[in-house]
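> The structure under discussion is supplied below as structure tokens; questions concerning it will follow.
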Amino acid sequence: MQPQPYLPGTKPADPGPLSRFMPPLEEGVIARWLPLHAAPGAWLLDPFGFSPRLTLEAARAGYRVLVTVNNPITRFLLETSAQPPPEADFKAALSELETAKKGDERLGAHLQSLYLTPCQKCEREIQAEAFLWRKGEDAPYARIYTCPHCGDAGERLATQQDIDRAKKIAATDSLHRSRAFERVAALDDEDRIYAEEAISHYLPRPLYFLTTVINRLDSLRLSPERRRALSALLLVACDAGNTLWGHPSERPRPKQLNIPAQFREHNLWMMLERGQSLWAETGSGVPLEAWPRKLPESGGICLYEGRLKELAREVKKEIPIAAVIGAVPRPNQAFWTLSALWAGWLWGREAVEPFKVALRRRRYDWAWNATALYAAFSHLFELLPLGTPFLGLLPEPEPAFLTSALTAASAAGFDLISLALRTEHDAVQAVWRRGEALKREANAADVSLVREAIVSHLKERGEPARYLHLHTAGLIALAEAHALKEKEREFDETLRLTHSLIQKALLEDERFVHYSSGEGIETGLWGLMDASFDSLTDRVEVAVVTFLQKNPNSIYLEIEDNVYPQFPGLLTPSKGMIYAVLDSYALRQGAAFVLRPEDVAAVRRRELNTVIALLEAIGKRLNYTTRQAGRNYLWEDENSRVARVFYVLASALIGRAMEETPYPPAHTIIVIPGGRAGLIEYKAERDPSLAARLKQYRLVKYRLLRSLIELPVLTRETFEEQIASDPLEKYGSQRMMF
């Protein structure tokens, strides 16, 4: 396998509807990859339909994308994002809903009255943005608002009026809950019990709001476009109305239908209004057709509503697939169950039928995931020509997910060509190719193969790594050896054996060191006993600075484009690492970075010479003999014994400095520019072995030497006091540490 560089992208400017359930992918990755593997206008296949953004990006880049979608909500997201209703239709649809009658009052006024609360300061009735609840209680304990009259804002305790209103709505809850059931499953439907369980994650007020609007949606005389626009807004409210919104920020991306200990009940009328901007910012006009209608060669999306199994029989003789793209699905019981619920509410029971299995299934473990992926990969294998490339993005990577996906692909006959991993917060980029039709023999997994792959990665990295990287190194070795799954074994046993093998490789070898305060093998960092001083972070520092010296005024993406090819595969540096270097060496000028004036090469060389001259001058004032020995500058006492050793750095390559100083650490002082202190501290915080070595050395900044030479009275004793008074500062961007 040839390690490929990580393809950088940019975070979406807007989160988009249902963003907490959609794969968190960077934009621009697909557009970068495709020209290398398929000509514009070629047919692509997205076999999972898991990420509407990814499909849209490929279509916008000028490709024809055939996508299979069996989740009605994901399909609606894709359709509406590809061909969004005009902004005027969103406004008109919401206006028609607002002016519809509910008895003697407007429906909009009635729904907004559900969220009235008195301002604590001026006592006027205003709209609450949200109410806060504790799990199991029958009334909210607090509310969040911004008063338009007096400006009072924030979280305030719930009033008796708030509590009474919530209980009054709850008194009629059974009627509205029954209506919500009916739209998903009939009274005699065996799946009704699962629908009831899913609907239990809605409080009485939001459920009343949603059923009221849904019932009115059926009776409003709207054009098809306005009906679609109102459905899109209502989908945003359906998501905002459940109890999975932890407060203050617990579980921002829920995977299970578990109610947090404290959660937020949103004002759903405000969510309808907010939905207008969410959809308007996400949408872009892209040709969209249903299979088997044709698309223009300029690009577009062809939707196949169904499973890949059925499509495989049809597409092979109809469309030449040049490449496959897709976000590989990972289990999400919360989204799939709620999708079935929302589909019934918006479009009736018929829309739920093809997806009703999502209501029944309560457990989605990794063996189930591997089995489902294997089925998809197997159908994909049958419809693709030999050698067809497949870029799979694996969002929110974790060891079990990667094991599941790589095992399923390998068992189905796909060869892993490359894999790039940045951090556990970024999607893994894996490239497979469709292998030979004659299925190869699987080999037995070998612990020594895994162990040497991990050792090789740590040596190449030159510093400790998180378990995810080491686990992935082991998986790659097993994939290359065709040893991820033996034919007779089921997936649950296969996954357990793979995890045990990788953990055994780590735990039963004395060369590995585990830096962790916990006992779990996946916690903390893993390194080698014989650590290298040429660390990944040091090499990234050199690469970034070298690029800025040759390319001043570069934007961040240009820096990534240059750095990532130098560190492919599992060595991809994090954004935090690159920014730590930029914080130390560069200034931001608009969107671009430029070296600080003092870090321009010629200026820094002059300053180095100045610092060396200062060391000689201070040494002579303290009656030491000074001389240079290699990269070290020595102070020797009257008996020709080395009293102090100085190593002068212009960079933050602190590991190299310690390696090139053969004198005892107690006698050694490493002299650094003040601007490097934060970067050195960053390196020490992410590398426990470096931090332990660094504690033995004294670090002094250039500026301290300048101040010492100006002291009227300087003795050997006061020199020692002074150099102890200027410690390293803590690195300020710890949230981007890795």
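> Out of the residues in region 367-414 that are under 26 Å from the mean Cα position of the chain (by Cα) and charged (D, E, K, R), which is nearest to Met22 (Cα to Cα)?
Glu396
> Tell me which residues, restricted to region 1-55, are closer than 20 Å to Ala322 by Cβ, out of contact with any strand residue (DSSP E or B) (no Cβ under 8 Å at 6 or more places or on another chain) and part of a loop (DSSP other than H, G, I, E, B).
Selection gives Pro40 alone.
> So if I check each of Ala629, Ala652, Ala602, Ala684, which one is under 41 Å from the mean Cα position of the chain (by Cα) and farther than 29 Å from Trp526 by Cα?
Working: Ala629 fails: under 41 Å from the mean Cα position of the chain (by Cα); Ala652 fails: farther than 29 Å from Trp526 by Cα; Ala684 fails: farther than 29 Å from Trp526 by Cα.
Step by step, each of Ala629, Ala652, Ala602, Ala684 is checked, and only Ala602 is under 41 Å from the mean Cα position of the chain (by Cα) and farther than 29 Å from Trp526 by Cα.
> Taking Phe533, is it more than 17 Å from Ser404 (Cβ to Cβ), surrounded by 14 or more Cβ atoms within 10 Å (Cβ to Cβ) and modelled with pLDDT of 95 or more? Even if it seems obvious, please write down each step before you answer.
Working: more than 17 Å from Ser404 (Cβ to Cβ): yes; surrounded by 14 or more Cβ atoms within 10 Å (Cβ to Cβ): yes; modelled with pLDDT of 95 or more: no.
Against the criterion (more than 17 Å from Ser404 (Cβ to Cβ), surrounded by 14 or more Cβ atoms within 10 Å (Cβ to Cβ) and modelled with pLDDT of 95 or more), Phe533 does not qualify.
> Look at region 339-372 and say how many of its residues are under 19 Å from Glu305 (Cα atoms), part of a helix (DSSP H, G or I) and among the charged types (D, E, K, R).
Looking only at that region, the number is 3.
> Give me a count of the residues in region 7-23 that are in contact with an Asp or Glu (Cβ under 8 Å, 6 or more places away or on another chain), buried (at least 19 other Cβ atoms within 10 Å of the Cβ) and over 15 Å from Cys238 (Cα atoms).
The total comes to 3.
> Output the strands (runs of 3 or more DSSP E) that fall wholly within region 212-316 and possess 2 or more residues being in the same structural domain as Phe131 (by TED's automatic domain parsing), or say none.
On the way: elements: 262-266, 288-290, 300-305.
By residue number, 262-266.
> Give me the pairs, please: first residue somewhere in region 199-217 and within 12 Å of Lys102 (Cβ to Cβ), second residue anywhere and surrounded by fewer than 19 Cβ atoms within 10 Å (Cβ to Cβ) and among the β-branched types (Val, Ile, Thr), beta-carbon distance under 9 Å, and either six or more positions apart or on two chains.
Cβ pairs passing all conditions: Tyr208/Ile169; Tyr208/Thr172.
> State whether one or more residues within region 321-331 are modelled with pLDDT under 95 and surrounded by fewer than 18 Cβ atoms within 10 Å (Cβ to Cβ).
Scanning region 321-331, I find no residue that is modelled with pLDDT under 95 and surrounded by fewer than 18 Cβ atoms within 10 Å (Cβ to Cβ), so the answer is no.
> Under 25 Å from the mean Cα position of the chain (by Cα), touching a residue at least 60 places away in the same chain (Cβ under 8 Å) and over 30 Å from Leu416 (Cα atoms) - does that describe any residue in region 28-44?
no
> Of Ser584, Ser532, Ser517, which residue is outside any helix (DSSP H, G or I) and farther than 17 Å from Arg461 by Cβ?
Values: Ser584 fails: outside any helix (DSSP H, G or I); Ser532 fails: farther than 17 Å from Arg461 by Cβ.
After applying the criteria, what remains is Ser517.
> Further question: Give Gln696, Gln722 a once-over and let me know the one that is out of contact with any Gly (no Cβ under 9 Å at 6 or more places or on another chain), of a type in the set (S, T, N, Q) and modelled with pLDDT of 90 or more.
Sole residue among the options that is out of contact with any Gly (no Cβ under 9 Å at 6 or more places or on another chain), of a type in the set (S, T, N, Q) and modelled with pLDDT of 90 or more: Gln696.
> Okay, moving on. Given (1) under 23 Å from the mean Cα position of the chain (by Cα); (2) over 17 Å from Leu391 (Cβ atoms), identify the lone condition not met by Asn70.
(1)
> Taking the criterion of being of a type outside the set (D, E, K, R), surrounded by fewer than 22 Cβ atoms within 10 Å (Cβ to Cβ) and in a loop (DSSP other than H, G, I, E, B), would at least one residue in region 493-513 satisfy it?
no
> Sort out for me the helices (runs of 4 or more DSSP H) sitting completely within region 381-490 that have 3 or more residues that are among the hydroxyl-bearing types (Ser, Thr, Tyr) and buried (at least 21 other Cβ atoms within 10 Å of the Cβ). Full working, then the answer.
Values: elements: 399-411, 447-461, 467-480.
In region 381-490, 399-411 are the helices (runs of 4 or more DSSP H) which contain 3 or more residues that are among the hydroxyl-bearing types (Ser, Thr, Tyr) and buried (at least 21 other Cβ atoms within 10 Å of the Cβ).
> Restricting attention to helices (runs of 4 or more DSSP H) lying wholly within region 606-700, give those where 3 or more residues are touching a residue at least 40 places away in the same chain (Cβ under 8 Å) and farther than 26 Å from Leu587 by Cβ. Even if it seems obvious, please write down each step before you answer.
On the way: elements: 654-659, 677-686, 688-694.
Ranges flagged: 654-659, 688-694.
> Which residues, taken from region 57-80, are under 17 Å from Pro287 (Cα atoms) and either out of contact with any Gly (no Cβ under 9 Å at 6 or more places or on another chain) or outside the structural domain of Glu350 (by TED's automatic domain parsing) (or both)?
Selection gives Leu66, Phe76, Glu79.
> When region 24-51 is examined, which residues are found to be buried (at least 23 other Cβ atoms within 10 Å of the Cβ) and touching an Asp or Glu at 6+ places or on another chain (Cβ under 6 Å)?
Ile30
> So, in region 255-300, how many residues would count as being more than 23 Å from Asn332 (Cβ to Cβ), crowded, with 19+ Cβ neighbours inside 10 Å and among the aromatic types (Phe, Trp, Tyr)?
Total satisfying the criteria: 1.
> In region 209-243, what residues are more than 22 Å from Gln262 (Cβ to Cβ) and buried (at least 22 other Cβ atoms within 10 Å of the Cβ)? Full working, then the answer.
First, the residues of region 209-243 that are more than 22 Å from Gln262 (Cβ to Cβ): 210-236.
Within region 209-243, Leu210, Val213, Arg226, Ala229, Leu230, Ala232, Leu233, Leu234, Leu235 qualify.
The values are calculated or read from the model by the stated rules, or taken from the named source; none is laboratory data. Worth saying up front: this structure is predicted, and the values here are computed from it rather than measured. Every residue, glycine among them, receives a Cβ derived from its backbone with ideal geometry; neighbour counts consider all protein chains shown.
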